[in-house]
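Readers should treat all values here as calculations from the given coordinates under stated rules, not as data from a laboratory. Since we're looking at a predicted model, the values are computed, not measured. Glycine also receives a Cβ, built like all others from the backbone with ideal geometry; neighbour counts cover every protein chain displayed.
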Amino acid sequence: MEYMAFQTVIGALVLGIGSYIIARWLKIPAILFYLVCGVAAGPVGLHLIDAASLGHGLMILVEIGVAIVLFEGGLSLTTHGFRSESIPIRRILLMTLPLTGLGGAFLAHYILWVPWKYAVFFGALIVVTGPTVIGSLLKSVNLTRRLEVILHWESIWGDVVGVLLSALALKLLEVSLSDSMANLVQHFVLRLIGGMAFGALSGLVLSKVIIPRVVRLRDPALPGLVVVAGALGTFYLSNAILDSSGPLAVAIAGFFLSYLKAETLNEIRHFKEQLSSLFISTLFVLLSAYINPFELAPYWPRMLLVAFLLGGLVRPASMLLALYKTPVSLAERLFVGLIGPRGIIAIATVAYGTLVVGEGRDEMVLLLNLTFAIIFFSGAVATVFCTPLAKMLKVLVQPSGSGILVAGVNSFSTALASFANRYVPVVVMDRNTPTCLLSQRLVSEEVCLDLLDSDVYEKASEEGFRRLLAITNNDALNELIASHASIHFEPDSIYRVLSSSHDEQIIRQTPFPTRIAFSDTLYSPDIISGLANKDAALKVLQPGEIGPGVVPLLEVVEGGKGIRILEPQDLPKGESLCYVPSNVREE
């Protein structure tokens, strides 16, 4: 049994990470790969994974996974996003989630004939969309910033609400509804207040007391490890004081840690994201292997019907109703209503309930399979139809249409920004305040900010800026800026103009090297000098006008709806801004 348990954990870990790699390679959510691998490797498949061999250890892993996922989710939230979309977020939490829960309970009761107390438990847990799935979805598809903020906030706090409500519903399974309603309301309010208070206190202590002292030890690995221990300790102690308050407490702690801008916050986020991905992938495979779909084969047509009605009718209707007369457009309402994949919290909650419940195990196994069906159905819809639906509803932002942050103020960068700003939003940033202020007349918008401050990139990302072009005269500084920007932007969207030929080794030592913009033989000081001395000029040329010696810089694409930053050897297919030396004869 011990050998099988070891094989189960290792097998789930390998299959989970392998699924995650494949999904990132294909740029689609990994959830379907997790589910298929879990079932295929489980007792109904290859018998490589047997979740039952873990015994009570599975419950422990589930609780640890839930704590890490919710803490990492809270850590990724920012107040800027909430302030920009506070009305739709509040309406979703106060209207969409309850309506979805009620709809799920009714469907489970009237289609699957599940007793009401089990149907209520199902309705409580199925409201969650899940940051694990939404996060990978947002990495795969560039949506409007409003949709990104709404989906992200709903996934985090929807998870918290779902865990709290399903914990109350588990209490309901043990007693009759009429005798326990007042106690349940009191139970919920106490857990809500207690979890928020304990989480806020924990985040404050971590940020202001523990982390600053750990940083003084000058060990870069320690802050992340301490925060993980703090998150798990918060989850455990809050649950020990007030049963079921841990999920809310750990999410609040993560949010407070982010809000208070703890030292080494970026490193902590990166470490937590890696750990969260590890637990998510492993748990998804483990819990999928725990399911035997053939055991309830006669119920599957009705379970799929429930999944279809919940995702195709209940959620869209509740979302349209909740977001009526808000700044959210009809297209955005339809998208967020139709794309609502469930994640690890939903299946972890029902699996936990199945493991701890006394009587009614048959009903809980049915709900476990139903939740699996809904996760699979909603995940398939999100994976297959997300991009086509976003294109059809015109809420998809092409990479060439996203805003550009230009790092470094000089005559070359401001000229590029002035041209690009005709087609996409552009902001020029510089740490040197006098330089920035003196050149404000050269371009429409400049910001004199610290380029190494991650808060700058958080705010920029929330305003639709997803690309960085570093044009300082120092390669090392360009790489340092890029490393901070890569936390918030995709590595493929970060570019640098070479400043010299002496720092090539810096780039090679970077795990995710930035893209070299324009040319690998032409350096920014030479360009600036050439423009200042009239030895070169920036001209807008058509493809047929570009000859030897001319360096294409920025290409206008999609009928003027975007700008593409060109790399060495790129041949523009449309109108482009080019660097033209004076010794190049124009044809």
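Anything over 26 Å Cα to Cα? Flag those among Lys117/Lys139; Lys534/Lys573; Lys139/Lys573; Lys539/Lys561; Lys534/Lys561; Lys391/Lys539, in the order listed.
Lys117/Lys139; Lys534/Lys573; Lys139/Lys573; Lys534/Lys561; Lys391/Lys539
Sorting check: for 296-309, 228-241, which peptide has the highest mean count of neighbouring beta carbons within 10 Å, and how do the rest follow?
Working: 296-309: 15.9, 228-241: 19.4.
So the peptides 296-309, 228-241, ranked by packing, come out 228-241, 296-309.
Hey, fewest Cβ within 10 Å first, where do Ser281, Ser500, Ser140, Ser486 land in order?
Ser500, Ser140, Ser486, Ser281
Under the 0.36 nm per residue contour assumption, what length would be gained going from the current alpha-carbon distance of Gln569 and Leu309 to full extension? Please report the intermediate quantities before stating the final value.
Details: separation 260, 0.36 × 260 = 93.60 nm, distance 5.12 nm.
Full extension from Gln569 to Leu309 adds 88.5 nm.
Among 382-390, 218-226, what's the highest-first ranking by average C-beta atoms within 10 angstrom per residue? Let's see the in-between values first.
Details: 382-390: 18.1, 218-226: 14.0.
Going from most to least packed, we get 382-390, 218-226.
Multiply the residue gap between Ala40 and Ala240 by 0.36 nm, knock off their C-alpha separation, and tell me the result in nm, one decimal place. Don't skip to the end; give the middle numbers.
Numbers: separation 200, 0.36 × 200 = 72.00 nm, distance 3.73 nm.
Between Ala40 and Ala240, full extension yields an extra 68.3 nm.
Using a Förster distance of 35 angstrom, determine the FRET efficiency expected from the C-beta separation of Ser418 and Ala331, and round it to 0.05.
Calculated value: 0.60.
Could you line up Phe121, Phe294 from fewest to most neighbouring Cβ atoms inside 10 Å?
On the way: Phe121 31, Phe294 8.
The fewest-first ordering by Cβ neighbours comes to Phe294, Phe121.
For a Förster distance of 60 Å, can you work out the FRET efficiency between the beta-carbons of Arg515 and Gln7, rounded to the nearest 0.05? List each step's numbers first, then the result.
Numbers: r = 42 Å, r/R0 = 0.71.
Using R0 = 60 Å, I get an efficiency of 0.90.
Please rank Phe6, Phe188, Phe465, fewest neighbouring Cβ atoms within 10 Å first, as an exposure proxy.
On the way: Phe6 12, Phe188 16, Phe465 24.
With the sparsest Cβ surroundings first, the list reads Phe6, Phe188, Phe465.
Determine the gain in length on full extension of the stretch Lys561-Arg24; use 0.36 nm per residue of separation and subtract their C-alpha separation, reporting nm with one decimal. Walk me through the numbers on the way to the answer.
Numbers: separation 537, 0.36 × 537 = 193.32 nm, distance 2.76 nm.
Once the chain is fully extended between Lys561 and Arg24, it gains 190.6 nm.
Can you tell me what the convex hull of the Cα atoms of region 2-393 projects to on average, as an area in nm²?
On the way: hull surface 74.8 nm².
Hull-based average projected area comes out at 18.7 nm².
At a Förster distance of 41 Å, what's the computed FRET efficiency of Lys391 paired with Ala476, Cβ-Cβ distance as r, to 0.05? Intermediate results must be reported in sequence, preceding the final value.
Numbers: r = 41 Å, r/R0 = 0.99.
Efficiency for this residue pair is about 0.50.
Using only the Cα atoms of region 36-156, build the gyration tensor, take square roots of its eigenvalues as a ≥ b ≥ c, and label the shape rounded, prolate or oblate: rounded if a/c is under 1.5, else prolate if a/b is larger than b/c, else oblate.
On the way: a/c = 2.11, a/b = 1.33, b/c = 1.58.
Cα axes put region 36-156 in the oblate bin.
Output the peptides 40-47, 194-201 sorted from most to least packed, where packing is the average of other Cβ atoms within 10 Å over each peptide's residues.
Numbers: 40-47: 16.8, 194-201: 20.2.
So the order, starting with the most tightly packed, is 194-201, 40-47.
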